[in-house]
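Take a look at the structure below.
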Amino acid sequence: MTAEPQPEDEPRGALPTLAGLAGVPAHTAARAWGNVRDWATHGHLADTTRMPRLPVHHGDGYTVHRYEPTAPVDPDLAPLLLVPPLGAPDFAFDLRRGASLVEDLLATGREIFIVTYDASGRAAGRRGLELWVDEIVPAALYAIADRHGDSPVHLAGWSLGGLFTLLAAASHISGAPIRSVTAFASPVDVSAVPLVAPFRSVAEYTGGRVFSAAYRTLGSFPATAVKWAFQLTSVERYLTKPVTLATHLDDRELLEQIEAVDLLMANMTAYPGRAFGQIYHHVVRSNDLAEDRLRLAGRPVRLADVDVPVLLVAGADDVIAPVAAVERATALLTSCPDLRFVVRPGGHLGVLAGRRARENSWHDLQEFMRAHDDA
């Protein structure tokens, strides 16, 4: 790895001083001074105002929102439901103005929806993965389809949200109206994730008792721990961040991206206890997804049963969901009528919301959906 800045996954940090600007070109120094002046005046550089949205469906522990159109709605474009992961805020899809997948999609005339979860409350810790796979995602799909003449809906998820979309398509218990599935940075084979190796070793040695006792005692996997896990994936960038900032004060877009990612990191939420336990035992410890032997609510949920088009997007620099961990799904999705796998620039967040996403993964998503809008 090098110290070259990768703004998609930058850790938190304050804007540095202007030390070291002496000797740089006048236009560069002027941009840098302007950026620092704006930051000092307004307290921020990035416009993180969220795209307006309204709730259209409420359920037990979840809400479906419709983003307000910014262009005339094109009836030939099927609606899209976005599925965020547990732990990370849903505005990963709407990171900042100029770097928002939601904003970009709305400009095409497509209707965009998102399902959000209630991570608090006494019942949250008892919610298992089957709730998202069999109830929340299907209910959101039906609510949207009902607004569009019962027409099937595109699905797109990031990280664990991507796995929710794949598993919802695999679980035919609900008969949910799915047109296509796109999974961004969704690791199917955790044996290909270096960061998970120590936890698997401890689990094997202890029979899983250490982590089981921890999450049962806490009732969840704390938000602080979720944040630390993300930061551990970019330790070098965290250590070199002051240098990166000091040498790129003239790069407004980079500074805005870092600021927006800081905000996302500050809003991590806890994983519900039961869901975290299932992820730990079935995904981390046993790697059931990679062997297509996952069982939820006592029944098998197999990727081999997914019979809708699927697009898998991996980040070239992703250490949470490395390319091999995502690519493993291509050997399991044997019933897909159209299966696409692409590797695009960026880390775990960068492949979804990075500065290079528009011409890469966002383009892939739009091209994929257009290919199946009339299915």
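Remarks
- For the residues 340, 355, 328, 293, the requirement of being assigned to a strand (DSSP E or B) and among the charged types (D, E, K, R) singles out 340.
- Of the residues 319, 326, 261, 301, the single one that is surrounded by 20 or more Cβ atoms within 10 Å (Cβ to Cβ) and at pLDDT below 90 is 261.
- When residues in segment 98-120 are screened for being among the acidic types (Asp, Glu) and either in a helix (DSSP H, G or I) or closer than 16 Å to residue 360 by Cβ (or both), 2 of them pass.
- Evaluating residue 326 against the criteria (1) in contact (Cβ under 8 Å) with a residue 60 or more places away in the chain; (2) touching a helix residue (DSSP H, G or I) at 6+ places or on another chain (Cβ under 6 Å); (3) not small (Gly, Ala, Ser) leaves one unmet condition, (2).
- Leading residue by the ranking (surrounded by the most Cβ atoms within 10 Å (Cβ to Cβ)) among those in segment 61-79 that are in contact with a Leu (Cβ under 7 Å, 6 or more places away or on another chain) and in a strand (DSSP E or B): 67
- The residues of segment 168-189 that are surrounded by fewer than 24 Cβ atoms within 10 Å (Cβ to Cβ) and under 19 Å from the mean Cα position of the chain (by Cα) amount to a single one, 189.
- Members of segment 41-60 found to be β-branched (Val, Ile, Thr) and either exposed (fewer than 15 other Cβ atoms within 10 Å of the Cβ) or not in a loop (DSSP other than H, G, I, E, B) (or both), listed by number: 41, 49, 56
- Every pair of residues 6+ apart whose Cβ atoms lie under 8 Å, when the first sits in segment 181-203 and is farther than 19 Å from residue 344 by Cα while the second is of a type outside the set (Val, Ile, Thr) and at pLDDT below 55: 190/200; 191/200; 195/232; 199/211; 202/211; 203/211
To keep it simple, each residue is scored yes or no on (1) touching a Gly at 6+ places or on another chain (Cβ under 8 Å); (2) of a type outside the set (A, V, I, L, M); (3) over 22 Å from residue 91 (Cβ atoms).
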| site | (1), (2), (3) |
| --- | --- |
| 302 | no, yes, yes |
| 321 | yes, no, no |
| 328 | no, yes, yes |
| 332 | no, no, yes |
| 349 | no, no, no |
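- Of the residues screened, residue 304 is one that is closer than 25 Å to residue 134 by Cα, of a type in the set (Gly, Ala, Ser) and in a helix (DSSP H, G or I).
The values are calculated or read from the model by the stated rules, or taken from the named source; none is laboratory data. The structure displayed is predicted, hence computed values, not measured ones. Please note: Cβ atoms are built from the backbone with ideal geometry, for glycine as well, and neighbour counts cover all protein chains shown.
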